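Read the structure below first, then the notes.
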């Protein structure tokens, strides 16, 4: 009996020792963690310059976890030059001149002792309303000291109100004839024809600031070599009322240059 007990004790010890060893096909065996750790690749200066930002760079992941990749989006390389941005500093500013594109150019070319050519070009901005762009030329002929004849054409583009109807185009003719009664009085007849003024008015441009068809007469009174007073009547197509109206004319003229 004593020998049987000793044999059973030795058999149990042997089984415990055998259970501590891994068997190749043992289903209860544990996987040991790998001692190798994924590290970022070492990049030389040459490889760094040629690497792109959107390349997938592997990073090291926790043990027994799925692989993880890092996607780096490309950085912006272009900053638009908007009117309200400071070009030198590349930052937002709180002020912007709405009249930065406005200009008025006038010039006169003396072709001969009796003829002259005058040109004009203007760009006017009206904040919250729109713009008016005009350009044209006039030819003037003075056969003698009493008569003065002139005629020409103009083009115009206006966006008033720009938010409602966009831009509109116009082209027209103008002419005038002046007769000097004496050294202080001169009468002038004038007229202008707008090819698309009335049509643009019906399209919604109820604004009298752009060129329109008209005709009338004024009397020019020369007080001295510096000051003149012009007054008369004008028949003009009123865009705000969409009909022809008669309007008075009265304005001063100041001559800054002394006439020889």
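Within the range 178-191, which residues are loosely packed, with under 15 Cβ neighbours inside 10 Å and either touching a residue at least 12 places away in the same chain (Cβ under 8 Å) or in contact with a helix residue (DSSP H, G or I) (Cβ under 8 Å, 6 or more places away or on another chain) (or both)? Within the range 178-191, 179, 183, 184, 185, 187, 189 qualify. Figure legend. Inter-residue proximity from the range 242-257: first residues without any contact (Cβ under 8 Å) to a residue 40 or more places away in the chain, second residues surrounded by 12 or more Cβ atoms within 10 Å (Cβ to Cβ) and not in a strand (DSSP E or B), beta-carbon distance below 6 Å, spacing 6+ or different chains. Indicated pairs: 255/226. Cβ-Cβ distances below 7 Å connect the following pairs, each with a first residue in the range 212-225 that is touching a residue at least 40 places away in the same chain (Cβ under 8 Å), a second residue that is part of a strand (DSSP E or B) and surrounded by 14 or more Cβ atoms within 10 Å (Cβ to Cβ), and a separation of six or more residues or different chains: 213/192; 213/193; 213/194; 213/237; 220/186; 220/188; 220/228; 220/230.
In this structure, does residue 237 turn out to be closer than 25 Å to residue 154 by Cα, in contact (Cβ under 8 Å) with a residue 40 or more places away in the chain, touching a strand residue (DSSP E or B) at 6+ places or on another chain (Cβ under 9 Å) and assigned to a loop (DSSP other than H, G, I, E, B)? When the stated conditions are applied, residue 237 does not pass them. In the set 217, 239, 247, only one residue is surrounded by 11 or more Cβ atoms within 10 Å (Cβ to Cβ) and modelled with pLDDT under 90; that residue is 239.
The values are calculated or read from the model by the stated rules, or taken from the named source; none is laboratory data. Values in this document were obtained by computation on a predicted structure and should not be read as measured data. Positions of Cβ are generated from backbone atoms using ideal geometry, with glycine treated the same way; all protein chains shown enter the neighbour counts.
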